[in-house]
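The values are calculated or read from the model by the stated rules, or taken from the named source; none is laboratory data. No experiment lies behind these values; they were computed from the predicted model shown. For neighbour counting, all protein chains shown are included, and Cβ atoms are generated from backbone atoms with ideal geometry for every residue, glycine included. In case anyone asks, the SASA skips ligands and DNA or RNA and just uses the protein heavy atoms, side chains included. Shrake-Rupley method; radii C 1.70, N 1.55, O 1.52, S 1.80 Å.
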Amino acid sequence: MINGAHINIWTSIGKIERLKENKIKYLIVDVGDTSKTGTLETDDSEIQDFLTMIHKYEGENNYTFIILPYSEIILQNYNFTSNFQNNVLQYYIKLNNFGFDGASIDIEAIPENKRQDYLDFLDNLRAALPGKTIS
């Protein structure tokens with residue numbers, strides 16, 4: 001990714017300041033772990049506190065980040081069923097309703113026979129988040 005950085009929701013304001021100073025635009029934000037059922041394990045309040053901090057910083061410093069939530073999903077640890085996919089889709093929708101600008105998807109390693117399931121999931125995510133950034 002050009003002009004981006006990976007951070008997490010527990011990042012300090014000092015680190016955000018350094019990102020701005022270096023003209024970083026895209027923040028790929030680790031929002032925590034995904035459960036075996038495809039739900040996000042992090043409390044909503046922690047995520048909302050992070051977004052409040054970032055949006056306050058943006059307003060006070062006349063700088064806008066593009067903020068994408070990220071949660072790694074290693075398929076050897078998860079069952080990529082339609083129910084799992086639906087739960088992941090729902091948490092990305094919820095995160096965008098909180099104030100994120102899209103989604104950064106890291107699902108690996110995708111077996112050849114599951115590739116279409118993954119592509120269908122991405123199509124569903126794009127449809128659920130029209131006009132948002134998907135990476």
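Only one residue in THR37, THR64 is closer than 20 Å to LYS132 by Cβ, surrounded by fewer than 17 Cβ atoms within 10 Å (Cβ to Cβ) and hydroxyl-bearing (Ser, Thr, Tyr). Which one? Before you say what the answer is, go through the steps one by one.
Numbers: THR37 fails: closer than 20 Å to LYS132 by Cβ.
The match here is THR64.
Here are ILE67, ILE93: which of them is hydrophobic (A, V, I, L, M, F, W, C) and in contact with a strand residue (DSSP E or B) (Cβ under 8 Å, 6 or more places away or on another chain)? Let's see the steps before the verdict.
Values: ILE93 fails: in contact with a strand residue (DSSP E or B) (Cβ under 8 Å, 6 or more places away or on another chain).
Exactly one of ILE67, ILE93 is hydrophobic (A, V, I, L, M, F, W, C) and in contact with a strand residue (DSSP E or B) (Cβ under 8 Å, 6 or more places away or on another chain), namely ILE67.
Could you tell me which numbered condition PHE100 fails, if it satisfies all but one of (1) open to solvent by less than 60 Å² (accessible area, probe 1.4 Å); (2) of a type outside the set (Ser, Thr, Tyr); (3) at pLDDT 95 or above; (4) not in a loop (DSSP other than H, G, I, E, B)?
(4)
Among the residues of the stretch 107-131, write down those that are charged (D, E, K, R), over 12 Å from PHE80 (Cα atoms) and surrounded by 14 or more Cβ atoms within 10 Å (Cβ to Cβ).
Listed by number, the list holds a single entry, ARG126.
Mind counting the residues in the stretch 28-51 that are in contact with a Gly (Cβ under 7 Å, 6 or more places away or on another chain) and in a strand (DSSP E or B)? Steps first, please.
Kept after step one, since they are in contact with a Gly (Cβ under 7 Å, 6 or more places away or on another chain), are these residues of the stretch 28-51: 28, 40-42, 51.
Applying the additional criterion that residues be in a strand (DSSP E or B) yields 28, 40.
Number satisfying all stated conditions: 2.
Looking at the stretch 40-54 only, could you name the residues that are open to solvent by less than 50 Å² (accessible area, probe 1.4 Å) and out of contact with any helix residue (DSSP H, G or I) (no Cβ under 8 Å at 6 or more places or on another chain)?
THR42, PHE50
Under 6 Å between Cβ atoms, at least 6 apart or on separate chains: pull out the pairs that start in the stretch 82-99 with a residue that is of a type in the set (Val, Ile, Thr) and end on any residue that is surrounded by fewer than 17 Cβ atoms within 10 Å (Cβ to Cβ) and at pLDDT 95 or above.
ILE93/ALA128
When you go through (1) open to solvent by 20 Å² or more (accessible area, probe 1.4 Å); (2) in contact with a Lys or Arg (Cβ under 8 Å, 6 or more places away or on another chain); (3) assigned to a strand (DSSP E or B); (4) not β-branched (Val, Ile, Thr) one by one for TYR70, which number turns out not to apply?
Checking TYR70 against (1) open to solvent by 20 Å² or more (accessible area, probe 1.4 Å); (2) in contact with a Lys or Arg (Cβ under 8 Å, 6 or more places away or on another chain); (3) assigned to a strand (DSSP E or B); (4) not β-branched (Val, Ile, Thr), the one that fails is (2).
PHE84 is checked against (1) modelled with pLDDT of 90 or more; (2) of a type in the set (A, V, I, L, M, F, W, C); (3) farther than 30 Å from ASN22 by Cα and fails just one. What number does that condition carry?
Here PHE84 clears every test but (1).
So which residues in the stretch 8-18 are closer than 19 Å to SER104 by Cα and open to solvent by 30 Å² or more (accessible area, probe 1.4 Å)?
ASN8, TRP10
Which condition from (1) open to solvent by 20 Å² or more (accessible area, probe 1.4 Å); (2) in contact (Cβ under 8 Å) with a residue 24 or more places away in the chain is the one that TYR57 breaks?
Checking TYR57 against (1) open to solvent by 20 Å² or more (accessible area, probe 1.4 Å); (2) in contact (Cβ under 8 Å) with a residue 24 or more places away in the chain, the one that fails is (1).
Identify all residues within the stretch 53-79 that are within 19 Å of the chain's Cα centre (by Cα), polar (S, T, N, Q) and over 30 Å from THR37 (Cβ atoms); write none if there are none.
Of everything in the stretch 53-79, just one residue is within 19 Å of the chain's Cα centre (by Cα), polar (S, T, N, Q) and over 30 Å from THR37 (Cβ atoms), namely THR64.
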